[in-house]
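Below is one structure, written out as structure tokens; comments come after it.
What follows is calculated from the coordinates using simple rules that are stated; it is not laboratory data. Note that the structure is a prediction, hence the values are computed from the model and not measured. Every residue, glycine among them, receives a Cβ derived from its backbone with ideal geometry; neighbour counts consider all protein chains shown.
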Amino acid sequence: MEILEKAQEYERKGRNITHLEIGEPTERTNSLIKKAAKQSINSNNSRYSNSLGIQELRDKIATKYKNNHGVSISPDQIVITNGSSAALILSLITLIKPGDSVILVEPYYPCYPQLIKILGGKVRIFKTSVQDKYQVNIKKFSKFINKKDKVLILNSPSNPTGVSQNKDVLKFLSSLKINIISDEIYEGLNYDSDPETFLNYNKNSIVVNGFSKFYSMTGWRLGFLIAPKNLIRGIQKLQQNMYICAPTVSQYAGVGALSINQEEIERLLGSYKKRRDYALSSLRDMGIDVGYSPDSSFYIFADMSNYTDNSLDLSLDILKKVGLGVAPGIDFGPSFNKFIRFSYSSSLKNIQVGFGKMREYIKEYT
Ligand code: PMP
């Protein structure tokens, strides 16, 4: 937030700022999404929906999971939500009581600890490292987990590392006696790894997903969760009380999104891969070796310990000197204050300008 606000302040003064700090795709909204939304507006399908979501969308999501992952889920296990953020909140309220211990895999999405604290839960941080390529180290985790731990939030593919956990890790985690919330918002944005869902490993987990990232639909506020049937009624009641339902027009737009053909999806994935490759090779040219392969999502997490002990100061300095926004590592956990996150979710052209500025910063100011 601090970086974005400072960047906006510079922009108001007329400075050109390149944004690599934001994890938001800048792809144009696909015409099928727009068409379905317009149709819903024109046919006055814009009132409250059932609090679980419209049946058509829930059916299509179940079909997508069958086709893409070979997993059978009933549409009755799906709740459509206000972005995956609401899915996450509903899942946490369902599983956490005050005082419960929740494990986060560090580096983690910054909202997790805040949400856990709001609910009176206790955060326990399990650290991963670049030496382990940001995979959960099974031996260390076995020693770390204890009987008091109630929930584990897994985020694979990950924000901020861009790493997907491998099959051995998923299998291991699925064997533990702990509730797992699997945040799969970047599912499908895989370039060198297979798209996975934790449902293939453990049917009792809650999977959180949404349309913001894969379908570039951030402002539509459309997400969903998949949960065991016995939890659905409770989650539905929460949804009814908190949000009533996800935006109805967006739900129809989501049906449009799920009709996008494979060719278009391949084009998108090819384009992200190209941007990822460009970003990695330009970091390498600057002498920054990230030490692992970010195989998914659209983030690269770089160790900047040669340049700083304070990632916020470094990020503010990069912004001030060369007009480039990056995300400070401290946001993603206390162990990562010497890191910064680059996002390659914007256009290749924007990324080229951004990494050009980074090159200038390293050359001129370090
Ligand atoms: N989880 C993760 C890991 C994210 O990075 C984000 C968005 N940056 C979200 C959840 C929330 O996304 P949304 O509410 O737009 O679906």
May I ask you to evaluate 6.51 cos²θ - 1.76 cosθ + 1.60, the Karplus curve with θ = phi - 60°, for each residue of segment 234-240 and list the ³J(HN,Hα) values in order in whole Hz, giving x for glycine and proline?
-> x, 5, 4, 4, 4, 4, 4
Sticking with the crude label model, points 7 Å out along Cα→Cβ, report the distance from Asn310 to Ser175 in nm, one decimal please.
-> 4.6 nm
Return the long-range amide H neighbours of Arg124 (sequence gap of 5 or more, or a different chain), with a cut-off of under 5 Å between placed amide H atoms.
-> Val102, Ile103, Leu104
Compute the label zone of Lys274 within segment 190-215: residues whose backbone N is under 18 Å from the point 7 Å along Cα-to-Cβ.
-> 190-192
Using per-residue counts of other Cβ atoms within 10 Å, averaged over each peptide, order 77-86, 300-309 from highest down.
-> 77-86, 300-309
Once you put a point 7 Å from the Cα of Asn16 and another 7 Å from the Cα of Lys229, both along the Cβ direction, what distance in nm separates them?
-> 6.0 nm
Looking at segment 166-268, which trypsin sites (Lys or Arg not before Pro) are in a loop (DSSP not H, G, I, E or B) and have at most 16 other Cβ atoms within 10 Å?
-> Lys177, Lys203
Any idea what angle helix 83-95 forms with the longest principal axis of the chain, computed on alpha-carbon atoms, 0 to 90 degrees, nearest 10?
-> 70 degrees
Taking the Cα centre of segment 35-181 as origin and charging only Cβ (+1 Lys, Arg; -1 Asp, Glu), how large is the dipole, in debye to the nearest 20?
-> 300 debye
Would you mind checking the tilt of helix 31-42 against the longest principal axis of the Cα atoms of the chain, expressed as 0 to 90 degrees and rounded to 10?
-> 50 degrees
Among rounded, prolate and oblate, which fits the chain when a ≥ b ≥ c are the square roots of the eigenvalues of its C-alpha gyration tensor, a/c under 1.5 means rounded, and a/b larger than b/c means prolate?
-> oblate
With each run of n ≥ 4 DSSP H residues scored as -39500 (n - 2.57), what mean residue ellipticity at 222 nm is computed for the chain after dividing by its residue count and rounding to the nearest 500 deg cm²/dmol?
-> -13000 deg cm²/dmol
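Please report the relative contact order for segment 32-257, taking Cα pairs under 8 Å with a sequence separation of at least 6, and give it as a percent rounded to a whole number.
Taking the mean separation of contacting Cα pairs over the length of segment 32-257, I get 32 percent.
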Once you sort the root eigenvalues of the Cα gyration tensor of segment 310-366 as a ≥ b ≥ c, which label holds: rounded (a/c under 1.5), prolate (a/b larger than b/c) or oblate (the other case)?
-> oblate
Once both labels are modelled 7 Å past Cα along the beta-carbon direction, what's the Arg267-Lys35 spacing in nm?
-> 1.4 nm
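Rounded to the nearest 0.05, what FRET efficiency is calculated for Lys97 and Gln352 with R0 set to 51 Å and r the Cβ-Cβ distance?
For Lys97 and Gln352, the calculated efficiency is 0.55.
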Quick note on Tyr278, Tyr299, Tyr365, ordering by fewest other C-beta atoms within 10 Å, gives Tyr365, Tyr278, Tyr299
Per the 1/(1 + (r/R0)^6) rule, R0 = 22 Å and r from the Cβ atoms of Ser281 and Lys133, FRET efficiency to 0.05 is 0.70
Could you give the angle, 0 to 90 degrees to the nearest 10, between helix 248-257's Cα long axis and the longest principal axis of the Cα atoms of the chain?
-> 70 degrees
Give, as ranges by residue number, the residues of segment 241-279 whose backbone N falls under 14 Å from the point 7 Å along Cα→Cβ of Tyr48.
-> 241-248
Karplus-derived 3J(HN,Hα), 6.51/-1.76/1.60, for each residue of segment 8-20, Hz, glycine and proline x = 5, 4, 4, 5, 4, 7, x, 7, 8, 10, 9, 9, 10
